[in-house]
Structure formats: structure tokens, C-alpha cells
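To start, the structure under review is shown below, and the notes come after it.
The values are calculated or read from the model by the stated rules, or taken from the named source; none is laboratory data. None of these values were measured; they are calculated from a predicted model. Neighbour counts are summed over all protein chains in view; Cβ atoms, including those assigned to glycine, are modelled from backbone coordinates with ideal geometry.
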Amino acid sequence: MKPPVRLSELPKGAPAVVDRVHDAHAADPIAQRLRDLGFVDGEPVRVVAVGPMGGDPVLIQIGYTRFALRRAEAARVSVRSEVAA
Amino acid sequence: MSASTLRIALVGNPNCGKTALFNQLTGGRQKVANYAGVTVERKEGRFTAPSGRVLQILDLPGTYSFEANSPDEQITRDVCAGNYPGEAAPDLIICVADATNLRLHLRFVLEVKRLGRPVVLALNMMDTARQRGIVIDVPELQRRLGLPVVETIAVKRGGAKALIERVDGEVPTAAPAQPDDAASRADLHAQVRDILAATVAMPRATAELDDALDRWALHPVFGLLILAVVMFVVFQAVYSIGKPMTDAIGDGFGWMGVHVATLLPAGPLQSLVTDGLFGGLGTVLGFLPEILVLFLFILTLEESGYLPRAAFLLDRLMLSVGLTGRSFIPLLSSFACAIPGIMGTRSIQDPRDRLATILIAPLMTCSARLPVYALLIGAFIPIRHVFGVFNLQGIVLFSLYLAGILGAMAVGWVMKRIRGDKSEHALLMELPSYRMPKLRDVAIGLYERGGIFLKRLTGVILGLTVLMWFLSTFPSAPEGATLPAIDYSFAGYIGRGLQYIFAPIGFNWQISLALIPAFAARETAVAALATVYLVGGEAAGGLGHALAGQISLASALSLLVWFAYAPQCMSTLAVIRRETNSWRNVAISFSYMFGMAYAASFIVYQVARMLT
């Protein structure tokens, strides 16, 4: 199994699953919101599109939903490339 | 509470079709206000159930989680929990979930259930779910959730029938309240997965149509092209539908004023009626067509799901000047008129981003500046070709638009540097499925926006217009006066006083005086200049000639730049007051724009004087 990478570095279209969401600082509300939106261990994610300027923001497919995340937000999520068990 | 009234709170994730359901239940019988002290909209409606019981429904702001991140989410949480001051706890909560997006929405349903209040789950958009081949075992879902579940189609007539029947019946018993801590929150996701595995069969995670449309709409090149075309169409419509109606309303009230005036004796009362009252009404109501046309497009784009796509494409650009992708549409609307632009910032949830957008919006070159630009450019800028193809007059006009945009970017950048709160504010924006906008929902939205404008602003703007009329009319000219009447008025005195302030930027007292009525509405500066230069009644060409003879080129350029940045008009300031609920923000807007206009005009005047 490959070590986890950040969601912000995941190439477009590559399937992956969420490892965990890291707090950028203590009591990080953005990290908490990401978890509430479904970025939890084992959840499949995929980068669907990237913004026209500097590839920011990125569009993430998670569950049945698409979320636009800025790179700084996506960098809080670590993902692994294996398929969920 | 009377025994027959049932208080219902409507909650759900953003994009669950909650507002469409609310419209379906209550029709036009809605009251829109603000929660006290904040600028979050409070929408309430009522309807009478078949049993004769009156149902009072509160449409709470869409929320992903009770771990609230913004003022509107806090309100939803507090009202549901019965903790919001001045708001009675709901007797029943209707939780709305999109049947095509249950992975996300069921988690919130479980959060609502843990409050320990009676809850009914409305499984909305069942029509779309069926089309997409999604199969939901409703009885099993109901059993596992321990909540009554009804299917709804908010956008179809009669689509809420089952919900009304259920709500009209016995109030379901509440599940026991459960504590809210980190461990149990994490556990909610596991519960959702179990429930989904047992009750929902989903052939595809996304709608094929969404995938196909987004391939174009979000494409780095075609996406931006599509956005440009959409915006072009919106602006064409504003100018070709809204503008003529605005002009017609202004002319109509002018005509009515003149005719009513014939019934009155000449004198101050007649002048008050024609110039103050009817002129003012013409100005205020004249805003309405442009506002409605703009909002027709904004609401349609919002309902269709395209707006978040536009925000996605432009977020990086807007972020670099301290804004967010969501600021784009309000700012763009401000090119027609800052008033709908500022009202449109309600779609920005984050208070800091919203305020930044509101403060910048008046710098966009609105349509009311055009008559002033046209007059001054026509009078002072020669028609000359530059590089063989470009017209110098056109280049100046373009530069003024550009000056507004660059000025706004600079202000945004400076605000980002100087504000105390440097914390990271997230984008975290859901891109919902594309949907065909429904006429009823757009119509109700338009009716509300128009109502807000008329109810909350007409009084203020009309009052200020009459005040401006008073200043320009009294005291009246003495017998045998040779100068125009406005010279003897308070405005005349103020203008003469202001010239000392404005002399360094090249304004004589006549221009300073014209700036006073321009504060009511920019385009009146032309009429005011015409009055003081004794060419009233003549065509604008005549005024242009008069100006060219009396004002230097440097002064004219300085005045153009002044109009690009100056704190005008007062209607805009009134909207800022209404939308931010704060005089402080009005003071900030006024002073920064005044300072910016003064500095820019000073530089232009002094440089131009040296060169000419």
C-alpha cells in the first residue's frame, strides 16, 4: 500500500479513498466541516475538475456530491490510492 | 399558541429543494423579514390543513451541520433546539432530504433526530431519483431511522400531498435526545453507511447529464467562454429591457408631475410636487425594472445550479483580491446598478466575504454614470483615431470602466491587508445538480426582492430626494434676480463653500454645486450643470459647448475620475445601511470612496494641468 498523499496533489480522475482530515490548527472549523461533509476514513473520492487559474479550486466527487475546495482546504485531506475494502 | 396552530420548522441541507417545498406549501402567503440584529432572512408562511388546523411554517436557512460555521447556520441550530431568543421552539421539525444525495443529507437528518423533537423526514426530488434509477426502500428507511418518512416532489403540483397528510395527522413521538460530542458525531457517518447499504440502490453516483454539462461548463477555456456569453446576454437584457422601462417610468412621473402641477398654484408647493415628489418617485421606481430584470437572471441562474459553477471558475481571481468566487455575480450586477448588486450579496454566507463585496460593489461603473461620462467625453475629448482603429472617446470611456475595476481590486487588496481577522475562510462549495428553474419559485423570489426594495427603501430614498429638492430650492431667488434660482439656494451656498475643498482637484463652484443633486442620483448632475450654466432646456450638445468654454480640460478629466470613485448615490448608501444593519459600514464606504475619489482626481488634475 502506498503512503497517503494530500487530496490537493491527487491527479485529476485518479480514484482514491479518504484516509483522514488533518486540523491545520487547534479546533479547525474547516477541518470539522470537511468531516461533516463526509470526508471520513474509507470514503471514495475523485478529482473531477480543476479551476482555470493555477488549478485552483479543485472539484471533488465524494459520495453523490461534488464540492469545490480551494487547494488549502483540499490539503487538509489525506487520501490513499487503494480501493476501499 | 392557540390549540389549533401547529408550529413547524423546515430544515435541510442546502440544495435539498427546501425552499421550493416551502413555496409549494405556503404559496404566496409568506412573510420575509430579518432575524433581529443580524442580516439573515427569516421566512415564515402559513397554510390551513384539510382538517382546518393552521400550520405555521418557518423556513430555516439551509445547513450542512449543527456544528455551525456561519450566522445563518447558528440560527437554524438554535431555533431547532429551542434556544433562539424570541422564537418559540417548533412543535414539529420537517427535515427535507434530497433523495438523490442521501449520503450527504442523511447525516444531517440523524443530527436533527438527536435533538429529541418530533421529526418528519420529507424525501424530496423523488421524481429525479426514479429517473436516475435510484431505488429506495422507504419502509425499511423509516424503520431504521425511527422517523416517519414521506416522499415529496417539491417542484410538482400536488407533490407535497403525502407530507401535508402526515403533518396534519398525529404529531409523531420524539426520539430521545442524545448528547452531541466528537465521538458520536464521527459515529453518524457509520450509521449513514449502514442505512444506505440496507435501503438504497444507486446505479450511478452522479447524474449523467451533470457530468456532460460540467465537462463544458467547468472547462478551463470553454467554461470561461460560456460564462462570458451568459453575462453578455444578461447585460443585453438589462439594457434592452430594463433601461427603456426605467426611462419610461422616469418620463411618466415627470409627465404626471407637470400635469398635477397645473392644478396647483405656482410656488413652493407646486415645485415640491413636481420636482421633489414626482421627480423623487420617478428616481426610486426607476430603479425597479433594472433590479427586476437582473434578479430574474440571477434567480434563474441560481435555480438552475449554474451560479456555483461561475463561482468555481472565478474563485482564484477573486480570492487574490480578498473576495470569494461567490462575489462575482453581485459585483457584475453592480455594473448595471449597485443596489441589486448589494442586495445580491445575500447569496454569500460568510459575513466577512459578504461585507468586503458590499464595500467594493459601488466602485463598479453603474449605468447612471453613463450620462455624465457621455456629456463630459463628448464635450472635451476630441474624436480622433488612435492606432488607426480605436476612437479616443471610446478609449477614455473604457479607461473609466477599467479604473473602477482596478480601483475595486486595489481596495479589496488593501482591505485584506488591514483587516484584523486574517483567518482562513473556506470556499467549501457544493456544486448541485443542474435543474430546470421553476417559474413559480423564480416568480416568488422576484416578488420578494421587489418588495424588499420598495418597502424598505422607498421611504428613505424619497425622503432624501425631497431634502435635496429643498436644499436646491430655498431660499428662493430675490426679485429681479439675474442668476439661476439655484445660485441663491442653500445648495448654492454649500456649493460655494465646497469649492474651497474642491479647488485643488479643479472644481469651480458651479461643478461643486452640481455635485449636491448628483448625490441623489448621478445622472442629475447633467441637469444641474445645465441649470447653473444657464442653458437649461437646450439639448445636451448645447451644454457640452457651454462646458467646453468654461471648464479646462484638466478639470473635466478630474471630474470624470471623480465620478468613477465618488461615494454616490445616496440610494446605494441606504442599501448598504439596510443590508449590513450598520451605520458604521455606511460611514466606512462613504469616507473611503471620498478619499479615493479626491486623491485620484487630485493626481489627474495636477498632472493634466502640467501637460496642457
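Scanning segment B:308-330 for residues that are of a type outside the set (Gly, Ala, Ser), surrounded by fewer than 24 Cβ atoms within 10 Å (Cβ to Cβ) and more than 12 Å from every other protein chain (Cβ to nearest Cβ) yields a total of 2. For segment B:24-66, a residue qualifies if it is crowded, with 17+ Cβ neighbours inside 10 Å, touching an Asp or Glu at 6+ places or on another chain (Cβ under 7 Å) and in a loop (DSSP other than H, G, I, E, B), and the qualifying residues are B:Thr39, B:Val40, B:Pro61, B:Thr63, B:Tyr64, B:Ser65, B:Phe66.
Yes or no, residue by residue, for (1) surrounded by 22 or more Cβ atoms within 10 Å (Cβ to Cβ); (2) within 18 Å of the chain's Cα centre (by Cα); (3) more than 24 Å from B:Leu288 (Cβ to Cβ):
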site	(1), (2), (3)
B:Ser333	yes, yes, no
B:Thr345	yes, yes, no
B:Leu355	no, yes, yes
B:Ile358	yes, yes, no
B:Arg369	yes, no, no
B:His385	no, no, yes
B:Val389	no, no, yes
B:Leu402	no, no, yes
B:Leu406	no, no, yes
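Number of residues in segment B:407-447 that are within 14 Å of another protein chain (Cβ to nearest Cβ), of a type in the set (A, V, I, L, M) and either in contact (Cβ under 8 Å) with a residue 24 or more places away in the chain or at negative phi (or both): the value is 4.
Could you look through segment B:430-471, keep only residues that are of a type in the set (Val, Ile, Thr) and at pLDDT 80 or above, and pick out the one that is surrounded by the fewest Cβ atoms within 10 Å (Cβ to Cβ)? Step by step, filter segment B:430-471, then rank; the result is B:Val442. Among the residues of segment B:485-518, those identified as farther than 21 Å from B:Ala608 by Cα, surrounded by 19 or more Cβ atoms within 10 Å (Cβ to Cβ) and of a type outside the set (Val, Ile, Thr) are B:Asp487, B:Ser489, B:Ala491, B:Gly492, B:Gly495, B:Leu513, B:Ala514, B:Leu515, B:Pro517, B:Ala518.
For chain A, give me every one of the strands (runs of 3 or more DSSP E) that falls completely inside it and has 1 or more residues that are touching a strand residue (DSSP E or B) at 6+ places or on another chain (Cβ under 8 Å), at the interface with chain B (Cβ under 9 Å from one of its Cβ atoms) and aromatic (Phe, Trp, Tyr).
Strands (runs of 3 or more DSSP E) meeting the threshold: A:65-69.
Sub-8 Å Cβ pairs linking a first residue in segment B:171-185 that is under 19 Å from B:Ile93 (Cβ atoms) and more than 14 Å from chain A (Cβ to nearest Cβ) to a second residue that is of a type in the set (A, V, I, L, M, F, W, C) and outside any loop (DSSP other than H, G, I, E, B), at least 6 apart or interchain, are B:Val171/B:Leu6; B:Val171/B:Leu92; B:Pro172/B:Leu92; B:Pro172/B:Val119; B:Pro172/B:Val120; B:Ala174/B:Val119; B:Ala175/B:Val119, ordered by first then second residue. Filtering B:Thr199, B:Thr152 for residues that are of a type in the set (Val, Ile, Thr), crowded, with 19+ Cβ neighbours inside 10 Å and either within 37 Å of the chain's Cα centre (by Cα) or not assigned by TED's automatic domain parsing to the domain that holds B:Asn83 (or both) leaves a single hit, B:Thr152. Scan (1) more than 14 Å from chain A (Cβ to nearest Cβ); (2) buried (at least 22 other Cβ atoms within 10 Å of the Cβ); (3) closer than 18 Å to B:Phe335 by Cα for the single condition B:Leu296 breaks and write down its number. Only one criterion is unmet by B:Leu296, namely (2).
What are the pairs with Cβ atoms under 8 angstrom where one residue, in segment B:60-73, is without any contact (Cβ under 8 Å) to a residue 12 or more places away in the chain and the other, located anywhere, is hydroxyl-bearing (Ser, Thr, Tyr)? Sequence gap at least six, or different chains. That search, which allows pairs on different chains as well, returns B:Ala68/B:Thr76. For segment B:67-99, the tally of residues that are in contact with a Lys or Arg (Cβ under 7 Å, 6 or more places away or on another chain), over 17 Å from B:Met429 (Cα atoms) and surrounded by fewer than 22 Cβ atoms within 10 Å (Cβ to Cβ) stands at 2. Checked against (1) within 14 Å of chain A (Cβ to nearest Cβ); (2) touching a Leu at 6+ places or on another chain (Cβ under 8 Å); (3) in contact (Cβ under 8 Å) with a residue 60 or more places away in the chain, B:His105 meets all criteria but (2). Among the candidates B:Ala261, B:Ala266, B:Ala237, the residue that is part of a loop (DSSP other than H, G, I, E, B), out of contact with any strand residue (DSSP E or B) (no Cβ under 8 Å at 6 or more places or on another chain) and either surrounded by 13 or more Cβ atoms within 10 Å (Cβ to Cβ) or without any contact (Cβ under 8 Å) to a residue 60 or more places away in the chain (or both) is uniquely B:Ala266. Every residue in segment B:1-18 that is at pLDDT below 90 and not in a loop (DSSP other than H, G, I, E, B), please. The one that is at pLDDT below 90 and not in a loop (DSSP other than H, G, I, E, B): B:Thr5. Residues that are more than 31 Å from the chain's Cα centre (by Cα) and within 20 Å of B:Lys161 (Cβ to Cβ) within segment B:95-122 comprise B:Val119, B:Val120, B:Leu121, listed in sequence order.
When segment B:480-515 is filtered for residues that are at pLDDT below 85 and assigned to a loop (DSSP other than H, G, I, E, B), the ones remaining, listed by number, are B:Gly480, B:Ala481, B:Thr482, B:Leu483, B:Pro484, B:Ser489. For segment B:280-291, the count of residues that are part of a helix (DSSP H, G or I), of a type in the set (Val, Ile, Thr) and over 26 Å from B:Glu448 (Cα atoms) is zero. Can you spot a residue in segment B:132-144 that is small (Gly, Ala, Ser) and surrounded by 14 or more Cβ atoms within 10 Å (Cβ to Cβ)? No: zero hits.
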